[in-house]
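These notes are about the structure you will find just below.
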Amino acid sequence: MEETRAAPLTAAAPAKRRNLASRLGITLAGGGLVQGSDLRMMLILFLPGFIILVLLGTYPLISVLRLAFERRSLFDTVGTWIGIENFRIILQSPLFWEALVNDLVYTFTTVPLQLVLGLAIALLLHQNFPGRNVFRGFLLFSYVVPTAVATIVWRFMLSDSVGIIYYGVRDVNLGIPNTWFASTATAMPTVVMITVWKFFPFMVINLLAGLQSIDEQLYEAAKVDGASRWQVFRFVTLPMLMPVIAVVTLLRTVWTFNNWDVIALLTDGGPLNSTQTLPLMIYDTMFREFSIGRAAALSFIAMMVLLVAMVGFMFLYRRTEEKLQ
Amino acid sequence: MNAAQRLSPQKVTRVRGMTRSVGYLAAAVVIMLVLGLPLLYMTVSSFKPAPDMYRVPPQFFPSSWTLQAYQDLVNISNIPRAFLNGVMVSSLASLLGVGLSIGLCYTNTRFRLPGLRFFTYLILLVYILPHILLVIPIFTLWLQLGITQGIVPLVFTHVSFTLPFSVWMMRSYFAAIPLDLEAAAMVDGATRAQAFLKVVMPLAQPGIIATFIFTFILSWNEVLFASIFASSESSMVISSALRTILGEQSGFYSWGMVNAAGVVATVPVLILFAFIQRHLIAGFTAGAVKG
C-alpha cells in the first residue's frame, strides 16, 4: 500500500493526480482518475463481497488453530486450554493412521484413474465423428447429477437383496468377488470405482476445453515435419495440455482427499473402518463424539497434509514441464 | 468427412476414415451407456410395482408401470417439504452469492485496484477450500449465535461456496464487455451508476443467469452442510432428505421410494441444465484454462 501511494506522488506526476482514489491506488481500468462519487459506488459494490472472501480465507485457519488446543464439547460455548493434548491423542490413535492411509489410497487411486480415463475420452471426443456434440452434452449432464443420487443408484444396483448387478454377477459367475460394500477387501475398490464413475466427466470437460484451445498450426507444423501420431501427442498435445492437466489434477486431489459426501453416503466408513477417511473422522469426532477440540486438531492436520501435497505437486509439475520441453 | 476428402481419388483413405469414425462412435456409445444406464435404471425402477422390486433375478424394466412410489413419497415422506425448502435455500444462497459477486466482478474489471494479484489468489483459495475444513469454524460460529438448525444458517453457509464460484465464473463475462460502451454513455451525460445499470448489467445478463443457475445446482447438490444444518423434519432440504431416506431404506422406506426420491432430486437439475448447457462449457473452461 505504501509503495502504490508514493508512486504517483513523485515530482514527475502532475499535481491533478492527487485525489483520494489515486492516493488509495485506485484508478480506472482504461486509465484516468476516479471521481469521488464513483469511488463511493465502487467501495459499496466491492467491500461486502471482499470482506466475506477475506473472512473465508483467513477465519477457518485461525479458528481451527485456536480450537485445536482446547478441550471443548459441542454443547459448550467456551473451552479450556489443554496444549497439544488433542494432537497427542490423535497421533496415538491407530484409527487416525488407518484413516490417513485409507484417505491416501482413496485419493491416489481415484485421481490418476480419472485423469487417464478423462484424457483418453477427451482425445476421443476431440475427434470428428457424427453426434459428438450429443456425447459432450451428456457428459456434462452426468457431472451435474447430485452426488446423493449417484450413491442411491449404486447402492441400489449393488445391494445384496435387490441389486441387479449383484444378481447378475452371481448368476453369470464372472469369477469376481460379489461382496461390494459388505467386505473389508472389496469396500474400498467399490468406493473408488463409483468415485471415478462420478467424477471423470469433470476431467473430460476441462481437458476437452484445453484440447480445443491448442493452436491448429502446431499440428500442421508437426505433420509437415513428418511426425507420427504418437510423436504429435507426445511433443505437441501433451506439453500444450500440461497447464490444464496440472489444474484439474490439483483440484481433484484436494477435493478427493477432503471428500466427505461420496463415502459418507456409500459406506459411512465401514465395514470395520475399511473406508474410513480423514473427512469422515472429522465429522464423526465433531457430531458423534461431540469433541470440537479434537475435530479441529484433525482439520488442522488435514490442512497441513494438503499443504505438503500441494507444494510437492507444484514441484513435480515443474519437473515434468521441464522434461517435456 | 469434409468435401475435399470425399472428392479425393484415394478411396482407401476415405474407407479408413469411415471405419475410424465408426470406431469412435462405438466407443462413445459405450461410454454413454456406462454413464447413463445406472440413471436410466433408477428412473424405470421408480415406476415399478412393489413385487417387481424383490423379483429374483431383478428385471431391468417394470412388469407394469405405476406411480405408487411417488404417491408414497408424497404421503409418508417429507420429500415435498424438503423440495420446497431446497428451492428456497438454493435460490437465496445463489442470489446472495451472485449478487455480491456482481459488485466484485464489476469493480475488478472497471477499476485498477491495488493488490489485484492477492485478490485473485484469495478467490482461488476460497474456491478450492474443501467444505469439510469449513465445517468446524462455521458450525462453532453458528453455535455462538445460538442458531444451529434451519434454513437461515444453511443459506448463509452456502454463500461460502456460491460467492467464490460465481466470481470465478462470472469475471470473464464482465471482462468481455468493452469499456468504451460505458465511456460513451458517460460522455452522453450518464452517471457511472446509470452506465452500470443501463449498459453493463443488460450485457452481462446472460452470464449472470448462467452463473446463478450453476450456483443453484451446486447448492442443491450439496450434502455436508445440508446434513448438519437441515436435519430436522421441518428444515430438511432435498439432499439431507435423500440421506435420511437412504439411511432408513431397509426399514421405513421402500427401494421404490428411494429411486423415486432420486428422480425428484435430479429433475430440477436436468431442467436448469438444459437452459445453460452452452454457457456451462464456457464457465468450466474459464476456471480451468485460465487457472
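Rounded to the nearest 20 debye, the dipole size of region A:86-324 about its Cα centre is 160 debye, using +1 on the Cβ of Lys and Arg and -1 on the Cβ of Asp and Glu. When every Cα-Cα distance of chain A is counted in 10 angstrom steps from zero, the calculated P(r) takes the values 5, 17, 21, 21, 20, 11, 3, 1, 0 percent. With the alpha-carbon atoms of region A:176-279 aligned to their principal axes, the span from lowest to highest coordinate is 59, 29, 16 Å, starting with the largest.
Helix screen, chain B: DSSP H segments with Cα axial length of 24 Å or more and mean Kyte-Doolittle hydropathy at least -0.5 are B:11-45, B:79-110, B:151-175, B:201-221, B:255-290. Debye-formula intensities of region B:73-290, expressed as log10 I(q)/I(0) at q = 0.13 Å⁻¹, are -0.82 (one equal scatterer per alpha-carbon, no solvent). Considering all different alpha carbon pairs of region A:40-110, the Kirkwood hydrodynamic radius works out to 15.7 Å.
For region B:215-267, GluC sites (Glu not before Pro) meeting the loop criterion (DSSP other than H, G, I, E, B) and having at most 10 other Cβ atoms within 10 Å: B:GLU233.
Each eigenvalue of the Cα gyration tensor of the protein assembly as shown, multiplied by 5 and square-rooted, gives one semi-axis; in descending order these are 41, 35, 26 Å. Toward the positive end of the charge dipole of chain B, with +1 on the Cβ of Lys and Arg and -1 on the Cβ of Asp and Glu, the farthest Cα among B:LEU246, B:VAL89, B:ALA175 is that of B:ALA175. Among the DSSP helices (H) of chain A, those spanning at least 24 angstrom by Cα along their long axis with an average Kyte-Doolittle hydropathy of 1.6 or more are A:36-67, A:238-257; this is a geometric and hydropathy rule only.
Along the axis of the charge dipole computed for chain B (Cβ charges of +1 for Lys and Arg, -1 for Asp and Glu, origin at the Cα centre), the listed residues B:LEU218, B:ILE151, B:GLY256 are led at the positive end by B:LEU218.
Taking amide H as placed 1.01 Å from N in the peptide plane, A:GLU70 has its amide H under 5 Å from the amide H of A:ILE82, each at least 5 places away in sequence or on another chain. Every Cα-Cα pair of region A:78-195 was included, and the share exceeding 20 Å stands at 65 percent. Counts of other chain beta carbons within 10 angstrom of each beta carbon in peptide A:128-134 average 5.
Its Cα centre serving as origin, the protein assembly as shown has a Cβ charge dipole (Lys and Arg +1, Asp and Glu -1) of approximately 1560 debye. Directionally averaged projected area (region B:126-202, Cα convex hull): 7.2 nm². With the convex hull drawn around the C-alpha atoms of region A:247-299, the volume per residue stands at 80 Å³.
Under 5 Å from the amide H of B:PHE111 lie the amide H atoms of A:ALA29, each residue being 5 or more positions distant or on a separate chain, with H modelled from the backbone and absent for Pro and chain starts. Taking every Cα-Cα distance in region A:207-258 and sorting them into 5 Å bins from zero, the calculated P(r) comes out as 4, 20, 24, 19, 13, 9, 6, 4, 2, 0 percent.
The mean sequence distance of close C-alpha pairs (under 8 Å, at least 6 residues apart), as a share of the length of chain A, puts its relative contact order at 25 percent.
Bear in mind these aren't lab numbers, they're just calculated from the coordinates by the rules spelled out. This structure is a prediction, so every number in the text was calculated from the model and none was measured. We place every Cβ from the backbone using ideal geometry, glycine too, and count neighbours over all the protein chains shown.
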